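The values are calculated or read from the model by the stated rules, or taken from the named source; none is laboratory data. Because the structure is predicted, anything quoted here is derived from the model rather than measured. Backbone-built Cβ (ideal geometry, glycine too); neighbour counts: all protein chains shown. Just the protein is used for accessible areas: all its heavy atoms, side chains included, with ligands, DNA and RNA removed. Shrake-Rupley method; radii C 1.70, N 1.55, O 1.52, S 1.80 Å.
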Amino acid sequence: MAQIIAIVDYGMGNLRSVYQAFHHVAPDAKILLTQRPEEIAQAHRVVLPGQGAMPDCMKQLKDSGLLEAVLDAAKNKPLLGVCVGEQMLFDQSAETRPGSSLTPCLGLIPGEVRRFELQGQKQADGSDFKVPHMGWNQVRQDIAHPLWADIPDLTSFYFVHSYYVVPKEVKNIAGSTEYGNWFTSAVTRDNIFATQFHPEKSAEYGLRLYKNFVSWQP
């Protein structure tokens, strides 16, 4: 029976590049770009991407009817979060609607999401740090993990984000990146792994990370 990999489509962002990347690294698997809870329940692996503002992503996930399916999958299946999909795994985010203090998230990894505050800091060339953090940057591998297999330490991946995760526990930090200050750029907990960067936009080693996820046995 072919492995089923479900990419959760709750209406936020163009997921075609993620879909194509998994087709490339897992040609024998059945890749589903799905809006159906039952397909997430039947899948062997689940991918939670995210793009856009956190309040919109959380609202769309709830309104889509996929929230419970994602929470169920997170209990026992390999689950990969990407970009805002990583941030959604945490308790709360500072990215809010006007008048709100914090946006509640999924609560699967203890910690919060904060915005870059880099005013007055200068890059090595004398220019200001810009927010969003956009482009290629190195990721330091803070722990040995199967998803880092055959990926050299300090490999560069592609980022586009204004917010970043702050785990409560060091053991959940899988990778870090320097932009003004060091921030967490990859996290893990049991059967969950997530990246702030976009593997599908990160050439050879981004595809390698997706391939490692396909064979990961947590």
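Please find, among Val113, Val84, Val139, the residue that is over 16 Å from Cys57 (Cα atoms) and either open to solvent by less than 60 Å² (accessible area, probe 1.4 Å) or under 17 Å from the mean Cα position of the chain (by Cα) (or both). Don't jump to the end; show me each part of the working.
Details: Val113 fails: over 16 Å from Cys57 (Cα atoms); Val84 fails: over 16 Å from Cys57 (Cα atoms).
The unique qualifying residue is Val139.
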**OP:** Look through the range 72-81, keep the residues that are open to solvent by 10 Å² or more (accessible area, probe 1.4 Å) and touching a strand residue (DSSP E or B) at 6+ places or on another chain (Cβ under 7 Å), and return whichever of them is farthest from Glu38 (Cα to Cα).
**Re:** Pro78
Original post:
Of the conditions (1) in contact (Cβ under 8 Å) with a residue 24 or more places away in the chain; (2) over 24 Å from Thr103 (Cβ atoms); (3) not aromatic (Phe, Trp, Tyr), Ala144 fails just one. Which one is it?
Top reply: (1)
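In the range 1-23, which residue that is within 19 Å of the chain's Cα centre (by Cα) and open to solvent by 80 Å² or more (accessible area, probe 1.4 Å) is modelled with the lowest pLDDT?
If we filter the range 1-23 for residues that are within 19 Å of the chain's Cα centre (by Cα), which is where we start, we get 5-23.
Now narrow it down to the ones that are open to solvent by 80 Å² or more (accessible area, probe 1.4 Å): 14, 16, 20.
On the way: Asn14: 74, Arg16: 93, Gln20: 97.
Checked the range 1-23; the qualifying residue modelled with the lowest pLDDT is Asn14.
Using the structure shown, decide if Leu118 is free of Cβ contacts under 8 Å to residues at least 60 places away in the same chain, of a type outside the set (Lys, Arg) and part of a loop (DSSP other than H, G, I, E, B).
Working: free of Cβ contacts under 8 Å to residues at least 60 places away in the same chain: no; of a type outside the set (Lys, Arg): yes; part of a loop (DSSP other than H, G, I, E, B): yes.
Considered against the rule, which asks whether it is free of Cβ contacts under 8 Å to residues at least 60 places away in the same chain, of a type outside the set (Lys, Arg) and part of a loop (DSSP other than H, G, I, E, B), Leu118 comes out as no.
Residues checked against (1) closer than 24 Å to Cys105 by Cα; (2) hydroxyl-bearing (Ser, Thr, Tyr); (3) in a strand (DSSP E or B):
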| residue | (1), (2), (3) |
| --- | --- |
| Val131 | yes, no, no |
| Trp136 | no, no, yes |
| Val160 | yes, no, yes |
| Gly175 | yes, no, yes |
| Ala186 | yes, no, yes |
